[in-house]
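Remarks on the structure that follows.
What follows is calculated from the coordinates using simple rules that are stated; it is not laboratory data. Fair warning: this is a prediction, and the values are worked out from it, not measured in the lab. Reconstructed Cβ throughout: ideal geometry from the backbone, glycine too, with neighbour counts over all protein chains shown.
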Amino acid sequence: MGDVPAGHENLATAPESSAPPAPTRRASRSGDRQGWASCALAAAGFVVCLVGWLQGGASSDWPWMPSLDLRLSFALDGLGALYALLATGIGVLVFAYGTAYLSLHLAHQERATAERWRFWPWMALFAAAMVGLATAQDLVLLFLFFDVTAVCSYFLIGFDRDEQQAHRAALMALLVTVVSAVALLIAAVLLYAEYGTFSIPELVDRVDSGTTTTVAAALLAVAGLGKSAQVPLHFWLPRAMAAPTPVSAYLHSAAMVAAGVLLLGRVHPLLARSDAVLTGLLVVGTASIVVGGVLALSQDVLKQVLAYSTISQYGYVVVLYGIGGATASGAAAFYVLAHGIAKSALFMTAGAVTMATGQDRLSRLGGLGRRSPLLAAAAGVAAANLAGLPLTAGFFKDELFFEAAHGAGSVTTVIAVLAAGLTLAYIGRFWMLLFLGRPRTDPSPVPRLLTAPITVLAVASVLVGVVPQLFAGLAADAGSVTNAAPVDVSPGYHLDARPANLMALSAWALGVLVLVFPGTARAGSLALARAGDRIGPQRIYTRLLRASFRLSGALHAREVLDLRSSVAAVLVPAGLLMALAFAATPTVGAYAVGSPAGSDWLILPLLGLVLVAACVTARAGTRLGMVLALSVVGFALAAVYALNSAPDVALVAVVVETMITLVFLAALARLPRAASAARPGHLHVDVGAEAPLRGARWRNPLAAGVAGLAALAGIWGFLSEPDVTPGLAEELIRRTPEAHGQDVVTVTITDFRGLDTLAEITVLLIAVVGVATLVRKGRLW
Amino acid sequence: MTLLATVLLVPWVAGALLVGLDGRRRPLAWSAVAVLAVGLVLLVALTVRVASAGPVQLVTGGWPAGVGIVLRADALGATFAVVSQLVLLVAAAHEAIPGPRARSFPGLVVLLAAGLTGLFLTGDVFNFYVFFEVAMTASYALAAYGGRPRQLRAALVFAAVNLLGSFIFLLSVAGTYRITGSLAMADVADGVLRAGANAGLLVAVGFFVAFSTKLGLFPFHFWLPTVYAGSRPAVAAILSGAVANIGGYGLIRFGAGIFPAQLRMAATALVVLGAASIVYGGVLAVSRGDTAELLAYSAIGQVGYVLVAVGVGGPVGLAAAVFYSVVNALNKALLFLTAGLRGPLVAGAFVVGALSVAGVPPAAGFVGKLTLFRTGVAAGSPALVVLLLVGSALSLLYMFMNYQRQFWRSDPAAGTTVSPLPRRALVAVLALLVLALGLWAEPLWQLSQQAADLFARESG
Amino acid sequence: MNLAFATGAAVLFGCGAYLLLHRDLFRVVGGIALISQAATLTLIASGLTRGRAPISPEPNEPVSDPVPQALALTALVIGLATLALLLALVHRLTVVLRTARHDELAAQEAQHESRLEPDRQRDRDEAT
């Protein structure tokens, strides 16, 4: 490892971040089989997609849910090929990196290697979902893959289960991406309702401008912007850096956030029908560029710089989609490719540095260039790629960007120059603080598997920087899909004073200027950060969540979940609904009093007795009194039935009433002697704040009154209906002799409606079993 | 015809026999499971028959329809019967694995199955009431399973409130006979069209109150948290996944089938009540610490969707209501059963349930949400679409907060006793079913559409 | 007569509802009993025809409607069964908890609730 060089102050390292022990070979010797398997899978996917694209694309269309008009339609067109190749290609490299990184990560946190099973399946599923997402041609299918990636991301961010940071970050990412993805579903349904199809190519053909299209386009844009972490839905991405580095390098730089702009690219012909949406994209993109870029200038934690950089870089792509047209479409596709290889390389660098030094902050790192020249060079190429310096792919990404921006007006020109300047500034600061200057830490050697992928990506950047045609063809194909018309992408080195070159030069000058005055830049950035904390979207999110917690708690505290409220909650709304129904329909002439005849004159006093007995039951002072009054009610009603020419019913009513009285008396005898007096039981219970008895005095009679009135309105209402022909009754009377009986009612319950009687007997059986189980003093539980 | 009769008689007879024997013995418990499995197979066969050849009808005693009791299997009844039977089967198996704690448990579950099957396959209003009482009495007895104070209290609240609902239902049945003169559902539907508007609406309100109480819609929901949280997981799964279906089925059958004019009149009120349920259930679930209570409030929210769909009506709305009822029943059964378990497969099963409740693909709930959004768009109401969005966001929030609390926060106090493998495997199978339904919802959606088409003439 | 029967049923229902809201669980069961009587009365009153009892009826004389009578018979028995079950539940609950006041039961639930408060606080911290 070597001595600390002379002149270097021995900074005391903070207790929680001492340099880690030398990474043993032990962990990697056991072999991360799952990781290598995923890597192989990704490689296979890459090869298949490459071959497919080189052969001119492929497509397949299968019925999925025909009655819902959903189809499994995939097509490896230019756009699909670009994102699929990006996802699988970077996947191969990140997975290889991850096999080493994960073992070290688990070893440092003293976790079992079996935890790999919680990591690699999600990574592999994610890669597969990205390929599906890239090639899907049906909006609902796209939505499915969209959300599958969000779910994978949730579990990957939450991989470090014991960190509360990770929990918070995972939940935030899930909420923001999934809820914004619902906008995609709503847009799909809107378009389906209007045009009858979910298929993207068909929609692109059929759709014309109109309100539905504008609303659907806006919703699609929201879904894409949320996924790609654009302002104001950007706040989840810096938090998501709580995930292990391979996750950040893959999902949150090149794959998942790319899914958002993939959506924008795929449905761009729809978006283009609405100028408002395009302008909106421009605004959002610009805001993201500025917010991401400015905030990246003052971030200390390595991954946070890169997170804000990602927000800013995808802002470029969104601006290009806002500009629209052939040049911009091609430029956007090229941009995504170039950015992907640069950003994942930088993330992997951050991870390697953190693994080697145990530090993740720029303020505690420095001078690593001398220890790890290869890493410094590779990272430097990646940084140069991002900043758009010549001899890297980045130069062409910026050239195309400048061309498109210049072609769209002076405002976009200025934005473009500003953007590129900011990029150079923050990535320059990142690289310089990390690799130049005095060494502040004593890094252990970085395993080769952690630096090799970065080197590969750096080499790729340089190759494309020299021979841009390697990416141009793919970008042109992808751009053609976005533009719904052929696009030509022809980047090259031109040594003349064309606008793109001038813009590039001014951007570099601006960037260097910002680098030279770090203090001012930092101050401005911190000011923006403070403003964002106070009024930014994350604060709104947090406030919203806290408010819903408070509301929820308050509502629950008001709910009194005892039996009385449960019952009252049925009676009172029922009464109100009846009142509503009463008011809503014509009632003139609907209520007839009816006139008593014959035996009715005997029934009336009996009914009077029933009423009195009912009231006595309700107000009885003792339980026994209630039971006796209840039996009076029952027997009086039996007499009413008898007088109403229902002898069978009267008989059964007498028997049932006797049984009920006996059962009540038996229960009364067996109940323990507690209270109709207000003595509380022997159990001391803290009654607390619930069940205020004082105010309840008028509530019970009120609720009962409402219930009674509602019952009166309802029952009187239907009893007053004009008589319907008693066809059923006549039919039953007629058929009774066929059923070998004379008493119509008996024949009905035993023959015509015998099934009812069987079921009634079953109810008795169940009740007997229930009572027996309950009453046998728990012996049978 | 004989299939219909067999489907009804098998659980009935078997249940009557089983309930008297000692269900704590494993062979008995497993024979109850076997009976339920046979019943499920028969019901699936019936459903296939109904889906391909149309409704099947049978009148008891060979009497003409109206004189005898009409039993009728159509797409709506068959679908609900199958899903309820499935939930009962899974819950019974869940308890049979360690062995039931009460001797009457297996018999009661089978009798409950008989009651529910009869209820879903009957075409007679009073017969519906009687089978309704069979099912409810069995569930009152089941709610006390476990014998602890919490369960007893849950059973008491459940019984008292639902008995009130039952008697309100009976009052409405009396009213129905009075205004239409018949008891067979088809004849009643015709009769209602001729009856006075006032009486018809009042009787319909009575039915609505009874079914909403059963489902636990706002504002009739107060009993639900006490009961679902207080009862044992298997019973909570039964109550929310099988018994609650009575409410959903009733709303559709009585609302769209028998009282379509009244349904149209009350459409706005229904949608408002449904919206209140969705928001209330969702907001209250956010701060719940106890998983069972959270699931109870979630249930209140989820059935709001069904009511909204019924309120919007039309072929799209009714099909969405049927589909969502089925998905919700499966979700709730899955979630309640996982609530008490610990171990490797449990977290995965819970996640599938959580994703389904929130409407995230690839779980079944996403197709449900898709159909609900189609309903909202068909109703032409942006407010409705926003409401559905808010409901989904709330369910995502509370489900995953709960997931993190249960499975990510390592609680050193809780001993990590892993639940027995068969129980976990059962729950995993149910989760796989929910996933499969999400990836290929074709058969269920076709059934739902057939069910909705039954009412196409009336609610058109 | 319509009004008479309707009033009878409504008063029974109202008194039953009043008892249903009582603190004492035993009276709650009494309330259910009253409501079931209300329902039976309504059933009988819903007959479409009134006249003689429907036993060996002559062809042309007015006969009481047999349908609601059959329904009432079934309803009576079912009411008895469920009432008995409910009483058994009340009895068991009272014996186990030694209290028949359901506001005390609610208070016990409130205790359980407050025990969950620390967990809820952690949830809040974790999500925001």
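Projected onto the charge dipole of the range A:33-273 (+1 at Lys/Arg Cβ, -1 at Asp/Glu Cβ, origin at the Cα centre), which of A:ALA58, A:PHE95, A:ALA255 gives the Cα projection farthest towards the positive end? The residue sitting most towards the positive pole is A:PHE95. Electrostatic bookkeeping for C:ASN2 treats Lys and Arg as +1 and Asp and Glu as -1; over the other residues with beta carbon under 14 Å from its beta carbon, the sum is -1. Distance between the C-alpha centres of the range B:8-67 and the range B:347-409: 34 Å, rounded to the whole angstrom. Among C:ASP65, A:ASP562, the order by Cβ neighbours within 10 angstrom, fewest to most, reads A:ASP562, C:ASP65. Straightening the chain between A:ALA40 and A:TRP62 buys 5.1 nm, computed as 0.36 nm per residue apart minus the Cα-Cα spacing.
Taking the mean number of other Cβ atoms within 10 Å as a proxy for protection, how do you rank B:220-228, A:228-236 from highest to lowest?
B:220-228, A:228-236
Only one residue of A:ALA379, A:ALA393, A:LEU365 has its Cα farthest out toward the positive end of the dipole of the range A:353-487, where Lys and Arg carry +1 and Asp and Glu -1 on Cβ, and that residue is A:LEU365.
What FRET efficiency would be calculated for the residue pair A:GLU202, B:ALA37, taking the C-beta separation as r and a Förster radius of 41 Å, to the nearest 0.05? Calculated value: 0.35. The Cβ shell under 13 Å around A:ALA255 holds other residues with a net charge of +2, Lys and Arg each +1, Asp and Glu each -1. Partner aspartates and glutamates whose Cα lies under 17 Å from the Cα of A:LYS227, excluding those fewer than 8 positions away in the same chain, are identified as A:ASP147. The chymotrypsin sites (Phe, Trp or Tyr not before Pro) of the range B:1-106 include none that DSSP puts in a loop with a beta carbon having at most 13 other beta carbons within 10 Å.
Based on C-alpha pairs under 8 angstrom that are at least 6 apart in sequence, the range A:364-431 has a relative contact order of 29 percent.
For a paramagnetic label modelled on A:VAL459 (point 7 Å from Cα along Cα→Cβ), amide N atoms under 19 Å away belong, within the range A:364-402, to A:373-385, A:391-394. When only Cα pairs below 8 angstrom with a gap of at least 6 residues are kept, chain A shows a relative contact order of 11 percent. Sorting A:GLU657, A:GLU202, C:GLU113 by the number of Cβ atoms found within 10 Å of their own Cβ, with the fewest placed first, yields A:GLU202, C:GLU113, A:GLU657.
Using a simple spin-label model with pseudo-atoms 7 Å out from Cα toward Cβ, A:LEU391 and A:LEU624 lie 10.9 nm apart. Between A:LEU555 and A:VAL48, the distance separating the two model label sites (each 7 Å from Cα on the Cα→Cβ line) works out to 4.7 nm. Under 17 Å from a point placed 7 Å out from the Cα of B:LEU432 along the Cα-to-Cβ direction: which residues of the range B:305-347 have their backbone N that close? Counting only backbone N, you get B:334, B:344-347. Taking each residue as 0.36 nm, the span from A:LEU470 to A:GLN109 lengthens on full extension beyond its C-alpha to C-alpha distance by 125.8 nm. Summing charges over neighbours of A:SER645, with a neighbour being any other residue whose Cβ is under 15 Å away from its Cβ, gives -4 when K and R count +1 and D and E count -1.
Placing pseudo-labels 7 Å out from each Cα toward the beta carbon at C:VAL96 and A:GLN742 gives an inter-label distance of 5.3 nm. Taking the number of Cβ atoms within 10 Å of each Cβ as an exposure proxy, the fewest-first ranking of B:PHE254, B:PHE105 is B:PHE254, B:PHE105. Evaluated on the protein assembly as shown, the Kirkwood hydrodynamic radius is 34.0 Å, with distances taken between all distinct Cα atoms. Quick note on chain A: its Rg to Rh ratio, both from C-alpha atoms and Rh being the Kirkwood radius, is 1.19.
Over every Cα atom in chain B, the radius of gyration and the widest Cα-Cα span, Dmax, amount to 20.6, 68 Å. Using the Cβ-Cβ distance between A:LEU580 and A:LEU665 with R0 set to 56 Å, the FRET efficiency from 1/(1 + (r/R0)^6) comes to roughly 0.85.
For the range A:33-273, the relative contact order works out to 21 percent when only alpha carbon pairs closer than 8 Å and six or more residues apart are counted. By the Cα gyration tensor, the range A:726-781 has an equivalent ellipsoid whose semi-axes, rounded to whole angstrom, run 38, 9, 7 from largest to smallest. Using r as the Cβ-Cβ distance of A:VAL414 and A:SER209, and R0 as 25 Å, what FRET efficiency do you calculate, to the nearest 0.05? After rounding to 0.05, the efficiency reads 0.25.
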